[in-house]
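Undergrad: My questions will all concern the structure given below.
The values are calculated or read from the model by the stated rules, or taken from the named source; none is laboratory data. Quantities reported herein were computed from a predicted structural model and do not represent experimental measurements. Ideal geometry is used to build each Cβ from the backbone, glycine not excepted, and the neighbour counts take in all protein chains shown.
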Amino acid sequence: MRFSDHRKTTIIAATLVAVTIPLAAGPSSADDLPGPQSGVVPAAVTAPAAPARPTREQLRAERERKAAALRKRLVVVARSKMRTARYVYGASGPRAFDCSGFTMWLYKTVAKRNLSHYSVAQMRQTKRVAKRNLLPGDLLFWGPGGSQHVSMYIGRGKMIGANNPRSGIRVESINAPWWRNKFAGAGRVIIA
């Protein structure tokens, strides 16, 4: 091989270019392949960009949004029982409840959370919250150590609960005279 032939081979090999063909819209035949004669330079195929990871603030906002929706749903379902259920001691739904049976059933049905069927035990299963910081869905406990009654806060200073055979399930003020001096504390089950 002469030097000039070797040089031609090296130049030809150096000018070869790899062709990249997009997968989604590839050529239908070999004639459609872009090449030096077509003047088309194919675009490089790139992987789709990975979605941005959410920030802590975005994650917290999403948790709070879900918690607020769950609290709202608890209130709606609780109110729906006012005309369709009655108070029966020891009952836990869906057509008859006592106070802790009502809150136990609500949380199991709506929030998929298991609470005990006793107000003192429910009080122990919640995170303490001040009366001024109540949110809908928070539980209110009455009597020594929460032993006499449990109800659920629904907002605007109101609560709903299965009180007794006469009144059944009803909404009333958390500051009503009968309740005011019996307040033992409030607890939160849904924590964002």
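Undergrad: Residue by residue through the range 150-169, note down the ones that are modelled with pLDDT of 95 or more and part of a strand (DSSP E or B).
TA: Passing the criteria: Val150, Ser151, Met152, Tyr153, Ile154, Gly155, Lys158, Met159, Ile160, Gly161, Ala162, Ile169.
Undergrad: When you look at Gly185, is it surrounded by fewer than 16 Cβ atoms within 10 Å (Cβ to Cβ) and either in a strand (DSSP E or B) or free of Cβ contacts under 8 Å to residues at least 40 places away in the same chain (or both), yes or no?
TA: Taking the combined requirement at face value, the residue does not satisfy it.
Undergrad: Follow-up. Hey, does the range 125-141 have a residue that's in contact (Cβ under 8 Å) with a residue 12 or more places away in the chain, among the acidic types (Asp, Glu) and not in a loop (DSSP other than H, G, I, E, B)?
TA: No, every residue in the range 125-141 fails to be in contact (Cβ under 8 Å) with a residue 12 or more places away in the chain, among the acidic types (Asp, Glu) and not in a loop (DSSP other than H, G, I, E, B).
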